[in-house]
Amino acid sequence: MAEVLVLVELDPTGSGVRKTTLEALTAARALGEPSAVVVGAPGSAAAAHDALAEYGAAKVYVAESEEIDSYLVAPKAEVLAQLVASVSPAAVVIPSSAEGKEVAGRLAVKTGSGFLTDVTEIAPDGTATQVAFAGATIVHSKVTVGTPIYTVRGNSVTPEPAPAAAAEEPVAVTLSDAAKLTRVVDRVVEQKSSRPELTEASIVVSGGRGVASAENFAIIEALADSLGAAVGASRAAVDSGYYPHTFQVGQTGKTVSPQLYIAVGISGAIQHRAGMQTSKTIVAINKDPEAPIFELADFGVVGDLNTVVPQATEQITARR
Ligand SMILES: Cc1cc2nc3c(=O)[nH]c(=O)nc-3n(C[C@H](O)[C@H](O)[C@H](O)COP(=O)(O)OP(=O)(O)OC[C@H]3O[C@@H](n4cnc5c(N)ncnc54)[C@H](O)[C@@H]3O)c2cc1C
């Protein structure tokens, strides 16, 4: 069976891999047998091993050294390029984070290959699906040059276990001087709330301008917490100072694709839809029955969010 390289996105806390890696492994299985590629500090592969084995990595290429972890993305692209040259994989699949897309671009240049970013599906014949123009167009594309490189959009593939050997194979790391031009001088772990990461959450509750104040976002957070969800916000809510920009969903914010998206006090502008319309089930709460978000919603509640949301939170909490 053809070998497919999958770049592993490690959990920054050192506790294993991110869910995006499991999604990439699952997507890669359409093309052949996944070989995970771990590039990081010593011990990274050991922490990731069980998850990689459970989700179908037949092999794990281990490129570990203190040095490799001291530079930005260039070493990852170099290690992948070395592996592409030595094992001639059928394809390379990378999680579609900002870093993943940069690695993919560099790898494409190094290997003279075509690459497709933010794909939501990969078919066995290599055809990838992408969502374009704020979701108005579905694109099917195929790489025709070199080794196809794909970045897989978060939450578009459901990780499916497929136990495999995950046999480790060390990779000798030889970094060029060019890869060492930008050095990491410090690492600061971002303070995280106990809520799930927005782009990885299976439920997202987002508030818009209708929430009306930063203080009132507490009712959005309470609903999110009753569901174990992440909190998002529209750009109008962010621009009004109700919630931080890192939580903005939409064209100029994050793209989410959860199982359930609850839009509260959000009108449903095209730029907001661009970041959430691939959600599996969409619920809208809005006092205006003509709000465009209802065109998209699977379930709509017309009412004042200040009444509806606390009631919903109470009912959900009572059932847990
Ligand atoms: C280049 C560009 C990029 C953009 N990028 C983004 C982006 O990434 N993300 C994004 O979200 N937007 C983006 N926008 C902005 C977008 O066009 C909209 O302005 C924005 O999404 C509106 O946010 P909103 O729905 O919260 O506010 P509004 O459109 O003002 O809607 C508020 C809604 O709340 C309802 N409401 C009010 N009070 C209540 C209440 N008490 N109970 C229930 N409902 C209530 C109203 O009926 C209304 O439907 C972008 C715009 C441009 C031009």
Problem set entry | Of all DSSP beta bridges in the chain, antiparallel share, percent nearest 5 | 20 percent
Problem set entry | FRET efficiency, Ala123 to Ala162 (Cβ-Cβ, R0 22 Å, nearest 0.05) | 0.80
Exercise. Given Cα pairs under 8 Å that are at least 6 residues apart, what percent is the relative contact order of region 204-320?
Worked result: 25 percent
Exercise. Under 14 Å from a point 7 Å along the Cα-to-Cβ line of Glu169: which residues of region 31-53 have their amide N that close?
Worked result: 33-38
Problem set entry | Choice from Val92, Val37, Val189 showing the highest fluctuation, given a GNM over the chain with Cα pairs closer than 10 Å | Val189
For this session: Would you mind computing, in nm to one decimal, how far apart the modelled labels at Ile316 and Met1 are, each placed 7 Å from Cα along Cα→Cβ?
Result: 3.8 nm
Exercise. To the nearest 10 square angstrom, what accessible area does Ile316 show with a 1.4 Å probe?
Worked result: 50 Å²
For this session: Per residue of region 42-51, in order, report the coupling 6.51 cos²θ - 1.76 cosθ + 1.60 (Karplus, θ = phi - 60°) as ³J(HN,Hα) in whole Hz, putting x for Gly and Pro.
Result: x, x, 5, 5, 4, 5, 8, 3, 4, 5
For this session: List the relative contact order of region 3-180 as a percent without decimals, with contacts defined as Cα pairs under 8 Å and 6+ residues apart.
Result: 30 percent
Problem set entry | Value of Rg to Rh for region 203-319 (Rh from inverse mean 1/r over Cα pairs, i.e. Kirkwood) | 0.92
Problem set entry | Within region 205-223: backbone nitrogen closer than 14 Å to the Asp288 label point (7 Å, Cα to C-beta) | 208-212
Seminar exercise, completed: Per the helix-only model, the chain has a calculated mean residue ellipticity at 222 nm (DSSP H runs of ≥4, -39500 (n - 2.57) each, divided over all residues, rounded to the nearest 500) of -8000 deg cm²/dmol
For this session: Collect residues whose amide H, placed 1.01 Å from N in the peptide plane, falls under 5 Å from the amide H of Ala162; neighbours closer than 5 in sequence don't count.
Result: Tyr55, Gly56
Problem set entry | Cα lying deepest toward the dipole's positive end in region 3-180, options His49, Ala85, Ile149, charges on Cβ | Ile149
Seminar exercise, completed: Interchain or sequence-distant (5+) residues whose placed amide H lies within less than 5 Å of the amide H of Thr151 are Ile94, Leu116, Thr117, Asp118, Val119
Exercise. Taking only protein heavy atoms and a 1.4 Å probe, what accessible area per residue, in Å², does the chain have with all protein chains in place?
Worked result: 46 Å²
Seminar exercise, completed: With bins of 10 Å, the percent of all Cα-Cα pairs of the chain per bin from 0 is 6, 25, 29, 23, 13, 4, 0
Seminar exercise, completed: For the chain, the percent of accessible surface on carbon and sulfur atoms (probe 1.4 angstrom, ligands and nucleic acids excluded) is 53 percent
For this session: Rank-order 18-30, 1-13 by packing density, defined as the average count of other C-beta atoms within 10 Å over each peptide's residues, highest first.
Result: 18-30, 1-13
Problem set entry | Size of electric dipole in region 203-319: Cβ of Lys, Arg +1 and of Asp, Glu -1, about Cα centre, debye, nearest 20 | 300 debye
Seminar exercise, completed: Once the dipole of region 90-217 is set up from charges on Cβ (+1 Lys and Arg, -1 Asp and Glu), the residue from the list Ser202, Val131, Ala172 lying farthest towards its positive end is Val131
Seminar exercise, completed: Percent relative contact order for the chain, counting Cα pairs under 8 Å at least six residues apart, stands at 15 percent
For this session: Calculate the dipole size of the chain relative to its Cα centre from +1 charges on Lys and Arg beta carbons and -1 charges on Asp and Glu beta carbons; express the result in debye to the nearest 20.
Result: 480 debye
Seminar exercise, completed: Along region 246-254, Karplus-curve 3J(HN,Hα) (6.51, -1.76, 1.60; θ = phi - 60°) to the nearest Hz, with x for Gly and Pro, reads 4, 9, 5, 9, x, 3, 10, x, 8
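The values are calculated or read from the model by the stated rules, or taken from the named source; none is laboratory data. Just so it is clear, the model here is predicted, and its values are computed rather than measured. Glycine gets a Cβ as well: all are built from the backbone with ideal geometry, and neighbour counts include every protein chain shown. For the accessible areas, the whole protein counts, side chains as well, though only heavy atoms, and no ligand, DNA or RNA atoms are used. Shrake-Rupley method; radii C 1.70, N 1.55, O 1.52, S 1.80 Å.
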